[in-house]
Every structure is written in C-alpha cells, then in structure tokens.
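Below: one structure, written as structure tokens.
Values in this text are rule-based calculations from the coordinates and carry no lab data. All figures in this text were calculated on a predicted structure; none of them were measured in a lab. In this analysis, Cβ positions are derived from the backbone assuming ideal geometry, glycine residues included, and neighbour counts consider all displayed protein chains.
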Amino acid sequence: MNYAEIKKTDIANGEGVRVSLFVSGCRRHCKNCFNKVTWDFAYGKPFTEETQEELLEALAPDYIAGLTLLGGDPMEPENQRALLPFVREVRRSFPQKSIWCYTGYTLLDGALEEEQANCEVTRELISLLDVLVDGRFVEELKDIRLVFRGSSNQRVIDVKRTLSSGNVVLYLT
C-alpha cells in the first residue's frame, strides 16, 4: 500500500486534534473529489514499518485524540489488508484514542454493501473503528454546513453502537 500524506495535527477530519493518514488508491472516483491525486494506487510513498513507527510516535502525545484514515479510500481491499495490522497495533497501544475512517463505500450489516469492497479482513477492520464516515461524495448534495462530511448522503456512524445494535447508529446528526 502507498500513502499520499500524513498530517500529525489535523483538526478537520474527526473530533479533536488527530493524526491523519491519507492512503493511495480509490476506485470510486467521485465527481469533484477534493483529493483526486490519491485515486492512483501507486501514488505517494510505500507504507512501511518506518511509516507505522512514525504514526505511532505521532499518536503518543496526550493532546492527540486519535487516528483518522482517509485517502484515496482505506476500504479498498488492498488497503484494508495493509491497514489491519497497523490498526490492531494502534488499538492495542492507544485504547483510549479513537479511530475514524472515511470511505466512499456504504456500511451494511458490519461489512460493506458494495461486494467488491469486501475481503477476508473487512469485518475485523470495521470492528476496530470507532467512527466510519461512509458514502460517496455527491457534488449535487454538497453542503459546507455539514460536520465531518462533504455531502448530505454521507453518514457519520458510531461503529461500536451500530455493531452491537444491528442497526446503523449515527455519531452525529
């Protein structure tokens, strides 16, 4: 997996001050995407052990609320496979910090509605998240007043409550 960027103090992509990892690779290609350069799976730098250590170090300060995964799309199967061991380590090392993920795919019954996005690690990766912002960006539904999302069709989902209840529970309305 490649990544496009790391932001070590991001306040735009989740609650609090966060460390954000922008992965490369997205097949959704939403019209007027804010980050088209990350559609290419080969864009950026390789996600290595050193990258993971850099991210873990950036997550350590008390003022960091958590990790945000976005891109590209972290929920492309090849990205999921690369991210799962790292997300497990983040959860183990920083159980008090939240993990947010942005995807153009749609959550349904603990997996992704779009079959091509699911793989052998999808359910486990989703279970390690606290918040999932799902759904394609739709230019015609863009609303700059929305919190943590770009268009009104996207949902900010409380993953833990959703998985325990069996119904989508929104984190923010």
Under 5 Å, built H, 5+ apart or other chain: amide partners of V17: A65
Packing-based order for 156-169, 76-89, using average beta carbon neighbours within 10 Å, highest first: 76-89, 156-169
Per the rule of 0.36 nm per residue minus the C-alpha distance, extending I11 to R91 adds in nm 26.8 nm
Here the alpha-carbon Rg of the stretch 54-99 over 2.2 N^0.38 Å rounds to 1.16
Between V37 and D109, how many nm apart are label points set 7 Å from Cα along the C-beta direction? 4.0 nm
